[in-house]
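The values are calculated or read from the model by the stated rules, or taken from the named source; none is laboratory data. Computed from a predicted model, the values in this text were never measured in an experiment. Neighbour counts run over all protein chains shown; Cβ positions are idealised from the backbone, glycine included. These accessible areas exclude ligands, DNA and RNA; they are computed on the full protein's heavy atoms, side chains included. Shrake-Rupley method; radii C 1.70, N 1.55, O 1.52, S 1.80 Å.
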Amino acid sequence: MSLSPTLPILQNYIDGQWCYSKAADYLDVVNPATTEPLAKVPLSPATEIDQAAQAAQTAFPIWRRTPPTQRVQYLFRLKALMDEQFEDLAHTITMECGKTLEESRDEIRRAIENVEIACGIPMMMQGTNLEDIATGIDEFMIRQPLGVAAVIAPFNFPGMIPFWFMPYALACGNTYIVKPSERVPLTMQKVFQLIDRLNLPPGVINLVNGSKEAVDAILDHPAIRAISFVGSTPVARYIYSRAAANGKRVQCQGGAKNPVIILPDADIEMTTRITADSAFGCAGQRCLAASIAITVGEARQTYTEAIAHTAATRIVGNGLEAGVQMGPVITAQSRQRIESLIQQGADEGATVLVDGRLPPSGYKQGHFVRPTILQNVDPAGALAKTEIFGPVLSLIHLETIEAAITLINSGQYGNMACLFTNSGAAARKFRYEAEAGNIGINIGVAAPMAFFPFSGWKESFFGDLHGQGQHAVEFFTQTKVIVERWSQKDWSRKF
Ligand code: NAD
């Protein structure tokens, strides 16, 4: 294909070098608020994954023998560089992904937090030991890195999600390949410009842009030992089964349909503010976005009025502009899909209480869907079960917390569930019974800090060990148990 001379062509970073891909196909990277093309991203062929995997495999023995205390020095420097380039990184996220500048700053803060936690690897990676399991015999368990690992990332957090895995993988002594989403590859270009300044041994960390061909090459490459994936559930299921069939260690975080319950004793003003931020923050394109609000008893009327007002008055526009509270969704196809799901809800009998299907005034371009509230959504209908991944909140009313928990637990996903209440007993019952890996009590986005695992359940997660914190250390290491006998009669001998 011919390439426009005016648009920058993104490069891969393999074996410590920036290099142009030999891809046959390129995609435009587009600012979703303006539809302005920003760059062209190569859809790299399988051969370039092979080059990255070979470089990473060659670097592995060198990197593995670098003591953990030295390995983390590179991460300390990366953190300093990310702090220094903080505003530029946040600006890049907003340009390619559309979220507001403040949301992009939050995202980069979360990425940096994971680098900070991974700097504790010399302690987190320690094994265990026991002397004299039998007289004169000691046993201990050490953790060793796996080899080459890779991450396949989604579009909605281009700066943060690779950091749920990459700093831990490196600190544990693995070498690494990052495959960003082809829709938002610019932020990782910026991150790798910083990585390039670290003077790591070549091949320790590599960047390959691409889509399905590159992903399939990762899944099948014999040198790649472990794969982390974050994205939609159908792709998660595919990646999990193909990578596992190839004998790889694999963790796949999938889609979500997150419910929040509002009990009559909840503080409605606080609940409205928090659930609106959850449902409409990042334009609803967040795996921890509230998608269903279940009102119980008398909460129905007060909450419905308050959330409708908040949704209708939220300021939507270009995330770079001051005062904007919500940006666009990622593509025109996304907007069309969200709008058709709103229509599907209406066709299933819901009332479109606040309709976001018209663009905000002053924006002729851009993939905008404004906050939308659907009332009386059928709990048994398809919409109540479908991930929308846009700024749409469905209201369902039930008479008891038991009925609400039963509805939540009947869902296919289990990423997050939240309860709004002033009752400790209700809160305990909820956190005990709700089938979700991340629980919020008077919290709208129950995103775990970097020192806790990101614990999706059911079809929101395929695998065992999650990203972040100690789970990441376990995922990126294999244990070795050593049983050792040294005769005591030799102790008095001169050495
Ligand atoms: P996606 O599944 O379309 O893409 C994710 C990655 O998979 C991309 O890198 C893409 O190149 C690759 N890919 C896509 N289709 C593929 C195929 N057929 N074969 C091989 N590779 C393929 O997801 P997305 O649209 O980028 O992201 C949104 C989804 O991610 C939502 O479902 C959201 O819930 C989910 N998500 C989940 C979490 C979580 O922690 N559970 C976090 C963020 C996003």
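Based on alpha-carbon centroids, what's the gap between the stretch 409-449 and the stretch 1-72 in Å, whole number please?
For the stretch 409-449 versus the stretch 1-72, the Cα centre distance is 39 Å.
Could you work out what % of the accessible surface of the stretch 1-131 is carbon and sulfur, using a 1.4 angstrom probe and leaving DNA, RNA and ligands out of the count? If you can, show how the numbers build up before the last one.
On the way: 3380 of 6250 Å².
Carbon and sulfur: 54 percent of the exposed surface of the stretch 1-131.
T302: accessible area at probe 1.4 Å, nearest 10 Å²?
Roll a 1.4 Å probe over it and T302 shows about 70 Å².
Sorted by accessible area with a 1.4 angstrom probe, largest first, how do E305, E474, E96, E298 fall?
Accessible-area ranking of E305, E474, E96, E298, largest first: E298, E305, E474, E96.
Along the Cα→Cβ direction, 7 angstrom out, place labels at D265 and M449. What is the inter-label distance in nm?
2.8 nm
Over the chain, what is the relative contact order in percent, taking alpha-carbon pairs closer than 8 angstrom and at least six residues apart?
Dividing the mean separation by the residue count of the chain yields 18 percent.
For every other residue with a beta carbon closer than 11 angstrom to the beta carbon of T406, add +1 if it is Lys or Arg and -1 if Asp or Glu, then tell me the sum. Display every interim value, and only then the final one.
Details: positive: none; negative: E402, E433, E435.
In short, -3.
Using a 1.4 angstrom probe on the protein heavy atoms only, line up K190, K248 by accessible area, largest first. Intermediate results must be reported in sequence, preceding the final value.
Details: K190 60, K248 20 Å².
The most accessible residue leads, giving K190, K248.
At 0.36 nm per residue, and after removing the present C-alpha to C-alpha distance, how many nm does the segment from E402 to N376 gain when stretched out fully?
Details: separation 26, 0.36 × 26 = 9.36 nm, distance 1.88 nm.
Taking 0.36 nm per residue and subtracting the Cα distance, the gain is 7.5 nm.
Students often get this wrong, so check it: of K212/K257; K22/K212; K190/K248; K257/K429, which have C-alpha atoms separated by over 18 Å? Write out the running numbers ahead of the final one.
Working: K212/K257 25 Å; K22/K212 16 Å; K190/K248 30 Å; K257/K429 21 Å.
Beyond 18 Å: K212/K257; K190/K248; K257/K429.
What is the Cα convex hull volume of the stretch 386-495 when expressed per residue in Å³?
Working: hull volume 22.8 nm³, N = 110.
Expressed per residue, the convex hull around the Cα atoms of the stretch 386-495 is 207 Å³.
Could you put M123, M95, M326 in order of accessible surface area, largest first, with the 1.4 Å probe and the full protein assembly present? Spell out each step's value before the answer.
Working: M123 145, M95 45, M326 0 Å².
The ranking, largest first, comes out as M123, M95, M326.
Roughly what angle does helix 68-84 make with the longest principal axis of the chain, taking Cα atoms, 0 to 90 degrees, to the nearest 10?
For 68-84 against the chain, the angle is about 40 degrees.
Accessible area of the stretch 258-441 with a 1.4 Å probe: how many percent of it is carbon plus sulfur?
Details: 3660 of 7200 Å².
Percent of accessible area from carbon and sulfur atoms in the stretch 258-441: 51.
Mind checking the per residue accessible area of the stretch 258-441 for me, 1.4 Å probe, whole number of Å²? Working shown, then result.
Details: 7200 Å² over 184 residues.
Heavy-atom SASA per residue in the stretch 258-441 reads 39 Å².
Percent of alpha carbon pairs in the stretch 329-447 separated by more than 18 Å?
Working: 4085 of 7021 pairs.
Of the Cα pairs, 58 percent sit more than 18 Å apart.
So for the stretch 258-441, averaging the separation of alpha carbon pairs under 8 Å that are six or more residues apart and normalising by length, what relative contact order in percent results?
Numbers: 359 pairs, mean separation 51.4, N = 184.
It comes to 28 percent, rounded to a whole number.
Rounded to the nearest 500 deg cm²/dmol, what is the calculated helix-only ellipticity per residue at 222 nm for the chain, with -39500 (n - 2.57) per DSSP H run of length n ≥ 4?
One gets -11500 deg cm²/dmol as the mean residue ellipticity at 222 nm.
On a full-extension model of 0.36 nm per residue, what is the gain between E139 and Q343, subtracting their alpha-carbon distance, rounded to one decimal in nm?
Numbers: separation 204, 0.36 × 204 = 73.44 nm, distance 6.35 nm.
Working it through step by step, the gained length comes to 67.1 nm.
In Å and from the alpha-carbon atoms only, list the Rg and Dmax of the stretch 256-366.
When restricted to Cα atoms, the stretch 256-366 yields Rg and Dmax of 14.5, 43 Å.
Restricting to bridges with both residues inside the stretch 258-441, how much of the DSSP beta-bridge set is antiparallel, in percent to the nearest 5? Let's see the in-between values first.
On the way: 3 of 24 bridges.
About 10 percent, rounded to the nearest 5.
Only Cα pairs under 8 Å and at least 6 apart count here; give the relative contact order of the stretch 197-351 as a rounded whole percent. Walk me through the numbers on the way to the answer.
Numbers: 162 pairs, mean separation 23.3, N = 155.
Normalised by residue count, the contact order of the stretch 197-351 is 15 percent.
With a point put 7 Å past each Cα toward its Cβ, work out how far R197 is from D83 in nm, to one decimal.
Calculated label separation equals 1.3 nm.
Which aspartates and glutamates, if any, have their Cα less than 14 Å from the Cα of K40, not counting same-chain residues under 8 positions apart?
By straight Cα distance, K40 reaches D25, D28, E96, E182.
³J(HN,Hα) across the stretch 172-184 via Karplus (A = 6.51, B = -1.76, C = 1.60, θ = phi - 60°), whole Hz, x for Gly/Pro?
3J(HN,Hα) across the stretch 172-184, in whole Hz: 6, x, 7, 9, 9, 10, 10, 10, x, 5, 5, 7, 9.
Heavy atoms of the protein only, probe of 1.4 Å, neighbouring chains included. What is the accessible area of D347 in Å², nearest 10?
120 Å²
With all protein chains present, calculate the accessible area of F155 using a 1.4 Å probe and round the result to the nearest 10 Å².
20 Å²
How would you order 50-58, 98-106 from highest to lowest mean count of nearby Cβ atoms within 10 Å? All intermediate terms of the calculation are to be shown ahead of the outcome.
Details: 50-58: 21.6, 98-106: 23.4.
Order by mean packing, descending: 98-106, 50-58.
How tilted is helix 299-313 with respect to the longest principal axis of the chain? Cα atoms for both, answer in degrees (0 to 90, nearest 10).
It works out to around 80 degrees.
Grab the other residues whose beta carbon is less than 9 angstrom from that of G444, score K and R as +1, D and E as -1, and report the net. Kindly include the intermediate steps, with their values, before the conclusion.
Numbers: positive: R273; negative: D277.
Taking every Cβ under 9 Å from that of G444, the sum is 0.
For the chain, compute Rg over Rh where Rg is the Cα radius of gyration and Rh is the Kirkwood radius from the inverse mean 1/r over Cα pairs.
Working: Rg = 24.3 Å, Rh = 23.8 Å.
With Rg and the Kirkwood Rh in hand, the quotient comes to 1.02.
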